[in-house]
Amino acid sequence: MKKRGSLLLLAAGVCLCTFALAQQPFANCAAAFVGNKMVVDSYTPKGQCRLSGGATGLLTVQTVELSPTQAKAVDKVDFKVAIRDKDTGTLHLFSGQTYKEIPVQDVLTTCKKGDRIVLLTVDNQYALPHNEIVVQ
């Protein structure tokens, strides 16, 4: 009986390890959105994220379906928000909360021109290459 239990435990461990190894980190592309508009000007290595200090709408991070002509938002992703100070380069958490969406004006009230809003995914399955938004 003890041997049978050990074999079941071993089989379950092998299945769990195989499942864990099969998941690739950063396999799903994601982007920042305000309302239904993607913040990055082009989803390429040279893409830039800029946002007016007077912007309004919901800030989200969403998975995207990319095609040569567009990037379509699919699903909202959990994220945290930090602010990088323009003058010192110091990075601090906006709050300890995890968000699926937040009014962007709530974040902008803590920023000055030149600061950067930094978005952090909480799950490493999401690639968010354009995670810093310059406040103009």
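Within the stretch 104-133, which residues are within 16 Å of the chain's Cα centre (by Cα) and over 21 Å from residue 45 (Cα atoms)?
Across the stretch 104-133, the qualifying residues are 104, 107, 122, 123.
Which of the residues spanning the stretch 111-132 are part of a strand (DSSP E or B) and either within 11 Å of residue 81 (Cα to Cα) or among the aromatic types (Phe, Trp, Tyr) (or both)?
116, 117, 118, 119, 120, 121, 126, 132
Got a sec? Which of 118, 81, 61, 107 is crowded, with 16+ Cβ neighbours inside 10 Å, of a type in the set (Val, Ile, Thr) and touching a residue at least 60 places away in the same chain (Cβ under 8 Å)?
Only one candidate passes the filter, namely 61.
Quick one: residue 97 ticks every box in (1) in a loop (DSSP other than H, G, I, E, B); (2) under 21 Å from residue 41 (Cα atoms) except a single one, so which number is it?
So residue 97 meets the others, but not (2).
Which numbered condition in (1) assigned to a strand (DSSP E or B); (2) at pLDDT below 95; (3) over 16 Å from the mean Cα position of the chain (by Cα) is the only one that residue 92 fails?
Single failed check for residue 92: (2).
The values are calculated or read from the model by the stated rules, or taken from the named source; none is laboratory data. Remember, predicted model here, so these are calculated numbers, not experimental data. In this analysis, Cβ positions are derived from the backbone assuming ideal geometry, glycine residues included, and neighbour counts consider all displayed protein chains.
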